[in-house]
Amino acid sequence: GAFPALDRSKYEVDLFAILKNGDWIDGEVAKRYLQGETVEKGERFPVKLLDCDLAFPLLHGPYGEDGTLQGFLEILKIPYVGCSHTTCAAAMDKVIAKQIFIANGFKTAPFLFFRYGRWSIEAIEKRLNYPLFVKPANLGSSIGISRVQRREELENAISLAFKYDAKILIEEEIKGHEVEFPVMGNEILDVLHPGEILKGDQFYTFEGKYSKEHEIPVAVQADLPKEWVEKAKEQIRLAYEAFDCRVFARFDCFIDKDGELWFSELNPIPGMTPTSLFPKSAEAIGLPFGPLLDHLINLSREYVRTHSI
């Protein structure tokens, strides 16, 4: 994704990858691994990482955008691109993120959360209305998520979610335009025009996000009334500040039939492949992939310079 697009006349670039067993690999081995080659073993500690002036984390899910990698880099005193470990941790836990949205006066779908063994269908049906989404609290990329339309489907959906996390979230479905707002900046923010997931009645699955065979169409520039978008952008700016975001992030939301914004999630590391919405949205305003990466790196260096970290 981003690795080939970095300008080699400006940067000396090394590629690092983390195997499923937690080992680190880098250089040519990492390139081959990301192209599908099997690699069994790497290093427990990536010594070459200590030579880096700036790290650019582009991992999703646990140990990538949940704050652990960011905290690790902070301990090593290596500046990095993107949000802090605190912001990442809050964003990764969907329950905590929703509580922050609510505490700051933003709308989010009615929800309940449960730890393993403490849920009941009666409690869910007393508080929430079908259709429902059942989600692991701490996973991304739509893994372990189910859309439930009736009681008969609920138990299986809950069992699936608990396979991935000891805490799960159950929330009502919000009807409306499913939109994603890319944001860049530190003190001065650029909130880009939202893209829209054109899924119809489908659920935006892992395959829909990453598989060509099951790809769900995305409109890079959502066709929405200008006043709805401008009003939503103001809320996005406030939410970015509420979560103490920096450099870049993406907010996933719904805009209902009345133009009201409902917050779903904050992604502290948006998808950054050439076909991902964030780079496509930047390209739509005249910022191609390579210059976009330059801009994010410069924002990170600016943050480090002004905050003495």
Selected residue (only one of Gly64, Gly117, Gly82, Gly71 is out of contact with any Lys or Arg (no Cβ under 9 Å at 6 or more places or on another chain), open to solvent by less than 40 Å² (accessible area, probe 1.4 Å), part of a loop (DSSP other than H, G, I, E, B) and of a type in the set (Gly, Ala, Ser)): Gly64
Residue list for region 277-301, restricted to those being within 16 Å of the chain's Cα centre (by Cα), among the small types (Gly, Ala, Ser) and within 21 Å of Tyr80 (Cα to Cα): none
Filter result for Asp252 (open to solvent by 20 Å² or more (accessible area, probe 1.4 Å), in contact (Cβ under 8 Å) with a residue 12 or more places away in the chain and in contact with a Ser or Thr (Cβ under 6 Å, 6 or more places away or on another chain)): yes
Residues that are touching a Lys or Arg at 6+ places or on another chain (Cβ under 8 Å) and either open to solvent by 30 Å² or more (accessible area, probe 1.4 Å) or among the hydroxyl-bearing types (Ser, Thr, Tyr) (or both), drawn from region 98-114: Thr108, Pro110, Phe111, Phe113
Scan of region 53-79 for residues that are in contact (Cβ under 8 Å) with a residue 24 or more places away in the chain, within 15 Å of Ile18 (Cβ to Cβ) and not aliphatic (A, V, I, L, M), ordered by number: Phe56, Pro57, His60, Gly61, Pro62, Tyr63, Gly64, Glu65, Asp66
Output for region 172-188, where each listed residue is more than 18 Å from the chain's Cα centre (by Cα) and assigned to a strand (DSSP E or B): Glu172, His177
Answer residue from region 148-171, given it is without any contact (Cβ under 8 Å) to a residue 40 or more places away in the chain, touching a Lys or Arg at 6+ places or on another chain (Cβ under 9 Å) and not in a loop (DSSP other than H, G, I, E, B) and is most open to solvent (accessible area, probe 1.4 Å) among those: Glu153
Counted residues, region 9-61 - those being exposed (fewer than 14 other Cβ atoms within 10 Å of the Cβ), in contact with a strand residue (DSSP E or B) (Cβ under 8 Å, 6 or more places away or on another chain) and part of a loop (DSSP other than H, G, I, E, B): 2
Members of region 214-243 that are open to solvent by 100 Å² or more (accessible area, probe 1.4 Å), in a loop (DSSP other than H, G, I, E, B) and in contact (Cβ under 8 Å) with a residue 12 or more places away in the chain: Asp223
Among (1) in contact (Cβ under 8 Å) with a residue 12 or more places away in the chain; (2) on the phi > 0 side of the Ramachandran plot - the single one Gly117 does not satisfy: (1)
All positions within region 255-268 that are open to solvent by less than 20 Å² (accessible area, probe 1.4 Å) and closer than 18 Å to Ser142 by Cβ: Phe263, Leu266, Pro268
Any chance Ile174 is open to solvent by less than 20 Å² (accessible area, probe 1.4 Å), out of contact with any Lys or Arg (no Cβ under 6 Å at 6 or more places or on another chain), under 14 Å from Phe133 (Cβ atoms) and not polar (S, T, N, Q): no
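The values are calculated or read from the model by the stated rules, or taken from the named source; none is laboratory data. Computed from a predicted model, the values in this text were never measured in an experiment. Glycine also receives a Cβ, built like all others from the backbone with ideal geometry; neighbour counts cover every protein chain displayed. Note: accessible area is taken over every heavy atom of the protein model, side chains too, but ligands, DNA and RNA are not part of it. Shrake-Rupley method; radii C 1.70, N 1.55, O 1.52, S 1.80 Å.
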